[in-house]
Every structure is written in C-alpha cells, then in structure tokens.
Amino acid sequence: MASITEIKNRLPEEFVDNLYTMFSPGVVDNIFRGIAEKRYTTIRVNTLKYNIQELMKYFKEINIKFERVLWYKDALVIKNANEKEIQKLDIYKNGYIYLQSLSSMVPPLVLAPKEGENVLDLTAAPGSKTTQMAALMNGKGYILANELDKLRCERLKYNVSGQGANIVEVVNGRGERIGNQYPEKFDKVLLDTPCSGEGRFSMYNVQSYKSWSTKTVNELTKVQKKLFKSAYNALKPNGTLVYSTCTLNKEENEYILDWALNNFNLKLVPVNIEIKEGIPAFNEGLDKSVKNAIRILPSKNMEGFFVSKFIKRGE
C-alpha cells in the first residue's frame, strides 16, 4: 500500500485539512488507509427471487469464497472474485443477486420499510437501495422511486425490472417538488441525497476526487436542504425519514441535521446498527441529539457514509 504521505499528497488539500480539523491524526490515517484500500466485492441476495442459503451453497460449489456480514444476513463479502467475474454468473444476470457496497445497504436497513407501507425514495438511481427496500417489504406495498436525471432514470427502471421489484413506480422529476405533489402521503422516506462523495474517494480512481471543491460542497448543501424540505412535506406525521450521504464533511451531514431540527417538527433517534467502522456523529455546538447519527469510515469492506434517522412528530 502507498504511504500516508503519498495518499495525502494526491488528495485535494482542503479536503485533507478538513479531515484534520474533524478527527484525531490517528483516525485521519485510518481514513487515508481506507481510501488506499482496494475494496472487496460485496453483494446482496435478492430475496424476491432467491435466498442466502441457496446462494452460499451455490458459491461453495463453484469455489467462490465469501464471508457473512454480521449486521445483515442477506449480504456477503466476496473474497476471491471481482465484480466483472460476478457479472458473468447467471444468478447475476437473472437478478438473483445485486452488486452493492455494504455502506449503501445501511440506510434501507435503518429505514426498515415493512410490508404494505407507502415508501418514497426521493433520489433513487441507480436503484440499489430501492430494490433492497422492495425485498425488505417482501414485494408488498408501494415505493415511489424518483430520479431527476433522464439517463440515470432509465438505469433505475432497468435495475428495478431486473430485480423483479414490481411494487416500485419510477418517476423522472425534481425531488424538491415531490413534497408538494404528495403531501403527507408516505409512511417512510429515504433521502440518500446527492453529495460530494468523499466517502467514495479511491486513490486508484482520480475521477473520484478530481472535481471535489469546498465550493461544490457549499452548493450541494443548498440542494440537500431543498430536498430535505420536500422529504419532510411528503412524510406522514409519526413517519420515519432516513437522511444519508456518502460523504464525510460536517457541512453535508451534522450541519444539515442541526438545521433540520431547528426548522422542522422532527425528532432525531438512534441508528441501531452495530458496524465496526461506525462512529457517532459530532454534536459540539449543535443540537445534542445529532450524536444519534453515525458516520461510517472508509475501510477494505466499507465506503465512507453518514446515516441518520428522524421521526416526524405527530401534529
């Protein structure tokens, strides 16, 4: 692996400086190591078509080595095959499994949609979390999956169809308008918001961090607030809203939560999921309940992520 200095020198200087203001030097070093790791391939079994026992049996037959994920029984870490090799398998082509980062599986688990509920996925493409939620709901209920970008929306439709997620309706529209179009319609809302993607930085992919800037971060926070307001308006009283990002900074994470708590009738509740790479959010100078959210630090298994869970107080 590259040295810490080498990793640091490749990344945007302001991003590096920001990490040192947030974390101790030891934690920052761990984040750099996470950015320098080649991550394992991770998959989720699509329980609408298949089950984990059959999948493990099949993998043993074809000598694919794997590890179970402690906090999610339907996920596996693949030890001796990459994504391209998995994509050649019939079980992949037939939608029995889905290639998905482990961190990306956390927000749907925290939202915990149930059979028969109305669920909104506000910024849904490419559909990893949408199809995961359809499986968690055993294909019973309704999911509205919204995506602004036309091309990404087509990809979303393709993935939803391939996974047999028939309870999903895909719409191509502006997320910030959904709240007015569907006021208090949904039991649960997932806002996995567009973000600066710091948790997905990889030393081996310059594109992952090339376009990062503090200006972009600040512009994204404006978008995130508009989407949050829309998500809140679409949510029924006593409903659950999960706000998540794949970034590490406070601006798109803690500060958004603090702003939301100050502007909406919401309660921020603990994220009850035990993940080795997860640490409580910072709450110094902010609403004390912000610490209920978790930040997942990048590692060989996980991308960097941030997950929070709100309940809309009853009117």
Shape call, the stretch 90-241: gyration tensor on alpha carbons, a/c limit 1.5: oblate
Whole-angstrom gap from the stretch 173-231 to the stretch 32-111, using each part's C-alpha centre: 26 Å
In nm, spacing of pseudo-spin labels at N94 and V206 (7 Å Cα→C-beta vector): 4.3 nm
For the chain: relative contact order, % (alpha-carbon pairs under 8 angstrom, 6 or more apart): 18 percent
Within the chain, percent of DSSP bridges classed antiparallel, to nearest 5: 60 percent
Packing-based ranking, highest mean first, of 108-115, 73-80 given that Cβ atoms within 10 Å are counted: 108-115, 73-80
Theoretical ellipticity at 222 nm over the chain - DSSP helices of four or more residues, -39500 (n - 2.57) apiece, nearest 500: -11000 deg cm²/dmol
Correct choice for log10 I(q)/I(0) by the Debye sum over Cα atoms at q = 0.07, 0.11, 0.14, 0.15 Å⁻¹ that was computed from the model, options (1) -0.26, -0.68, -1.12, -1.28; (2) -0.31, -0.71, -1.01, -1.11; (3) -0.23, -0.59, -0.99, -1.15: (1)
Reciprocal mean inverse distance between Cα atoms of the stretch 1-101 - Kirkwood radius, Å: 15.8 Å
The stretch 238-253 - phi-based ³J(HN,Hα) in whole Hz, Karplus 6.51/-1.76/1.60, Gly and Pro as x: 6, x, 10, 10, 9, 10, 9, 9, 10, 10, 10, 5, 6, 4, 8, 10
Packing-based exposure ordering (other Cβ within 10 Å, fewest first) of C153, C195, C246: C153, C246, C195
For the stretch 302-310, Karplus couplings with θ = phi - 60° (6.51, -1.76, 1.60), whole Hz, Gly/Pro x: 10, 7, x, 8, 9, 9, 9, 10, 10
Links that overshoot a 24 Å alpha carbon limit, given the list K73/K309; K210/K291; K49/K276; K38/K250; K157/K215; K236/K309: K210/K291; K49/K276; K38/K250; K157/K215
Least to most buried among M22, M105 (fewest other Cβ within 10 Å first): M22, M105
Filtered GluC sites (Glu not before Pro), the stretch 149-248: DSSP coil and at most 15 other beta carbons within 10 Å: E184
Summed residue charge, Cβ within 10 Å of V168's Cβ, Lys/Arg positive, Asp/Glu negative: -1
Whole-number D in µm²/s for the stretch 124-172 (Stokes-Einstein; Kirkwood sum over Cα pairs; 25 °C, 0.890 mPa s): 240 µm²/s
J(HN,Hα) series, the stretch 121-134, from Karplus relation 6.51 cos²θ - 1.76 cosθ + 1.60, nearest Hz, glycine and proline x: 10, 6, 10, 8, 5, x, x, 4, 6, 4, 6, 5, 5, 4
Simple spin-label estimate for E184 and Q53 in nanometres, 7 Å along Cα-Cβ: 4.5 nm
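Read the figures in this text as sums done on the coordinates, not as results from a lab. Note that the structure is a prediction, hence the values are computed from the model and not measured. All Cβ positions, glycine included, derive from the backbone under ideal geometry; neighbour counts span all protein chains shown.
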